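Notes follow the structure.
The values are calculated or read from the model by the stated rules, or taken from the named source; none is laboratory data. These numbers were taken from a predicted model, which means no experiment stands behind them. Neighbour counts are summed over all protein chains in view; Cβ atoms, including those assigned to glycine, are modelled from backbone coordinates with ideal geometry. Only protein heavy atoms, including side chains, enter the accessible area calculation; ligands, DNA and RNA are left aside. Shrake-Rupley method; radii C 1.70, N 1.55, O 1.52, S 1.80 Å.
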Amino acid sequence: MDLNPVTRTSAVEAVILNVLYCLLVLALLLWVFHWGRVSIMVVALLLLAVIIIPGFFALRPQTERGEDYIITSCGARSQGQLTVPVPVSELRRLVERACAQHAKLGLRELDAQGGRISVGITFSSWGARVRFVLRPVSETASQIVATSRPRMPLELWGLAGSEANLSLLFRGVAREAERTHTSVT
């Protein structure tokens with residue numbers, strides 16, 4: 001499974017989409033209401049201020065570190081990785097159990113290489129899509145690398161909870177790995 005990395009470029013694309021969307025809305029308002037130049041300028045400045053200011057904050061990468069995972073976010077887009085002391089052959093089962101424990105994480109696809117999780121619509125978001133890859137680190141350790149993006153590409157900041165989605169997934173898998181590791185030893 002191929003993961004598109006989360007970079008500033010993806011956040012810049014969201015800012016550009018938002019500016020284009022606002023210009024389209026402005027053009028429609030102009031066409032429908034026949035506003036004068038002053039009204040158009042005021043609305044345009046307000047729309048751009050609402051989009052550009054949060055857009056600048058979305059361009060700054062932020063990092064969250066857990067005990068054994070790291071998540072980097074650019075606005076509403078996040079990527080991270082978790083290393084667990086279990087072979088990659090067992091990691092698939094751990095992901096399945098972690099997703100089953102959290103109703104928010106709807107497991108859509110899972111195979112030996114990775115999978116997809118869908119997070120549903122909330123009051124503040126249209127949901128998110130989580131993609132992950134399972135990789136061996138050694139014979140006794142493996143890694144899950146995941147990205148989370150909002151379903152609606154216009155979302156600029158973290159209302160989709162991408163960082164929270166990855167954190168929930170990683171903590172669940174780490175907890176399941178701990179249970180497996182302690183029951184084996």
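Go through segment 31-69 and give me each residue that's charged (D, E, K, R) and assigned to a helix (DSSP H, G or I).
Of segment 31-69, the ones charged (D, E, K, R) are 37, 60, 64-65, 67-68.
37 - this is the single residue of segment 31-69 that is charged (D, E, K, R) and assigned to a helix (DSSP H, G or I).
Of 77, 8, all but one fail to be open to solvent by less than 70 Å² (accessible area, probe 1.4 Å), touching a Pro at 6+ places or on another chain (Cβ under 8 Å) and of a type in the set (D, E, K, R); the exception is 77.
Kindly check whether there is at least one residue in segment 158-167 that is hydrophobic (A, V, I, L, M, F, W, C) and modelled with pLDDT under 85.
Within segment 158-167, the first condition is being hydrophobic (A, V, I, L, M, F, W, C), and the residues that meet it are 159-160, 164, 166.
Then keep just the ones that are modelled with pLDDT under 85; that gives 159-160.
Yes: segment 158-167 contains one or more residues that are hydrophobic (A, V, I, L, M, F, W, C) and modelled with pLDDT under 85.
Take segment 34-63 and flag every residue that is within 18 Å of residue 11 (Cα to Cα) and either in contact with a Phe, Trp or Tyr (Cβ under 7 Å, 6 or more places away or on another chain) or not aliphatic (A, V, I, L, M) (or both). Within segment 34-63, 54, 55, 56, 57, 58, 60, 61, 62, 63 meet the criteria.
Any idea which of 123, 132 is open to solvent by less than 80 Å² (accessible area, probe 1.4 Å) and hydrophobic (A, V, I, L, M, F, W, C)? Testing whether each residue is open to solvent by less than 80 Å² (accessible area, probe 1.4 Å) and hydrophobic (A, V, I, L, M, F, W, C) leaves just 132.
Of all the residues that make up segment 102-147, how many are of a type in the set (D, E, K, R), touching a Lys or Arg at 6+ places or on another chain (Cβ under 6 Å) and farther than 16 Å from residue 91 by Cα?
Start the filter on segment 102-147 by keeping residues that are of a type in the set (D, E, K, R), which leaves 104, 108-109, 111, 116, 129, 131, 135, 139.
From the residues that got through so far, the ones that are touching a Lys or Arg at 6+ places or on another chain (Cβ under 6 Å) too are 108-109, 116, 129, 131.
With the extra rule that they be farther than 16 Å from residue 91 by Cα, the set shrinks to 108, 129.
Adding up the residues that qualify gives 2.
Just one of the listed residues (20, 30, 48) is modelled with pLDDT of 80 or more and either within 30 Å of residue 109 (Cα to Cα) or out of contact with any strand residue (DSSP E or B) (no Cβ under 7 Å at 6 or more places or on another chain) (or both), and it is 20.
For (1) within 11 Å of the chain's Cα centre (by Cα); (2) farther than 30 Å from residue 15 by Cα; (3) at pLDDT below 90, each residue gets a yes or a no:
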site: 74; (1), (2), (3): yes, no, yes
site: 82; (1), (2), (3): no, no, no
site: 86; (1), (2), (3): no, yes, no
site: 95; (1), (2), (3): no, yes, no
site: 105; (1), (2), (3): no, no, yes
site: 111; (1), (2), (3): no, yes, yes
site: 120; (1), (2), (3): no, no, yes
site: 124; (1), (2), (3): no, no, yes
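Can you say whether residue 72 is assigned to a strand (DSSP E or B) and under 30 Å from residue 16 (Cα atoms), as far as the supplied structure shows? Yes; evaluated as a whole, the condition is true for this residue. The set of residues in segment 122-178 being polar (S, T, N, Q), part of a strand (DSSP E or B) and over 14 Å from residue 83 (Cβ atoms) consists of 122, 125, 147, 148.
Scanning segment 71-83 for residues that are touching a strand residue (DSSP E or B) at 6+ places or on another chain (Cβ under 6 Å) and not small (Gly, Ala, Ser) gives 71, 72, 77, 79, 81, 82, 83. Evaluate the following for residue 99: is it modelled with pLDDT of 75 or more, more than 15 Å from residue 171 (Cβ to Cβ), under 17 Å from the mean Cα position of the chain (by Cα) and surrounded by 13 or more Cβ atoms within 10 Å (Cβ to Cβ)? No, not satisfied. Of everything listed in (1) in a helix (DSSP H, G or I); (2) at pLDDT below 75; (3) crowded, with 16+ Cβ neighbours inside 10 Å, the single unmet condition for residue 14 is (2).
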